[in-house]
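To start, the structure under review is shown below, and the notes come after it.
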Amino acid sequence: MRLRNKPWAKDFIAQHPHLLIPQPKEVMGSWNSIFKNDNPIHIEVGTGKGQFILGMAEQNPDINYIGVELAESVVVAALQKTIESALPNVRLLNVNAEELPDIFKSGEVDRVYLNFSDPWPKKRHEKRRLTYRTFLETYERILPKNGEIHFKTDNQGLFEYSLTSLSAYGMLLAYISLDLHKSDFEGNVMTEYEEKFSAKGQRIYRVEAKYQN
Ligand code: SAM
């Protein structure tokens, strides 16, 4: 994700605290009160400019979606789109995924999506990959028993690494696709990166992984 300095971002974010939640740790255990219903909550970690969660939220009005994005200059674009969409079932967080267990209590999130996560190809950066063991522990702490991670990427190296990491963690892997756009998967919502890379002819890989404890 290309970062541009956006000096107006902080003010813009501060003006929309009902959509980009400013103190998410204070909401722990009561996220349903933010959405004013008891519908399941799905989060996308590394949501970028938010195209995926907004598309999913439109397609699934009975599910609440939260986009989690580390970069302020990127999440602000997701905020703009969320405002334009006027969808009631979308919220955003400008936090590092590492903080998730301080934001959601165990079982408060029903599913985690990871889409086109940064590959961090150098071995010394392995711990930053969002499918590294410590991140899998982090997601497990906020998901229910047998919670799921749905992962898509164009990066073959990251996909192979992630299959190994998910499997070594003891997760059950299902619906592995080595070419999502040529598969029979229905209802795929494309992310920004997915549109960009598939337009260049790159294959999209996908897997669903389920915790076993
Ligand atoms: N999911 C979007 C898509 O498919 O178009 C964006 C993909 S972009 C390559 C990855 C995003 O993940 C970046 O915006 C980056 O800032 C975010 N990210 C990386 N590490 C993160 C972390 N630890 N916590 C939250 N967001 C993170």
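Taken together, the values in this text are just the output of simple stated rules run on the coordinates, not laboratory data. Quick caveat: nothing in here was measured; it's all calculated off a predicted structure. Quick reminder, even Gly has a Cβ in these numbers, built from the backbone with ideal geometry, and neighbours come from all protein chains shown.
Annotations for the structure displayed:
- 3J(HN,Hα) along the stretch 127-137, derived from phi through the Karplus expression 6.51 cos²θ - 1.76 cosθ + 1.60 where θ = phi - 60°, amounts to 5, 8, 5, 6, 10, 5, 3, 5, 5, 5, 5 Hz, with x in place of Gly and Pro.
- Computed E for Ser183/Asp62 - FRET, C-beta separation, R0 25 angstrom, nearest 0.05: 0.45
- Partner lysines for Lys105 [C-alpha distance under 30 Å; skip if fewer than 8 residues away on the same chain]: Lys10, Lys25, Lys36, Lys49, Lys81, Lys127, Lys145, Lys152, Lys210
- The calculated 222 nm mean residue ellipticity attributable to helices in the chain amounts to -8500 deg cm²/dmol, summing -39500 (n - 2.57) over DSSP H runs of n ≥ 4 and dividing by all residues.
- Derived scalar couplings ³J(HN,Hα) [the stretch 26-34; Karplus, 6.51 cos²θ - 1.76 cosθ + 1.60; whole Hz; x for Gly, Pro]: 6, 8, 3, x, 9, 4, 5, 6, 5
- Set of the stretch 59-82 residues, backbone N closer than 13 Å to the point 7 Å along the Cα-Cβ line of Trp8: 77, 80
- Sites matching GluC sites (Glu not before Pro) across the stretch 132-189 that sit in DSSP coil, with at most 12 neighbouring C-beta atoms within 10 Å: Glu186
- Amide proton proximity set for Val90, modelled H, under 5 Å, gap of 5+: Tyr65
- The chain: mean projected area of Cα convex hull, nm²: 11.6
- Between Glu195 and Trp120, the modelled label-to-label distance comes to 2.8 nm, taking each label 7 Å out from Cα in the direction of the beta carbon.
- Alpha-carbon centroid distance for the pair the stretch 47-122 / the stretch 168-213, whole angstrom: 18
- Cut-off 15 Å (backbone N to label point 7 Å along Cα→Cβ of Ser106), residues of the stretch 178-213: 212-213
- Karplus (6.51, -1.76, 1.60) ³J(HN,Hα), θ = phi - 60°, over the stretch 139-148, in Hz, Gly and Pro reported as x: 5, 4, 6, 10, 8, x, 3, 6, x, 10
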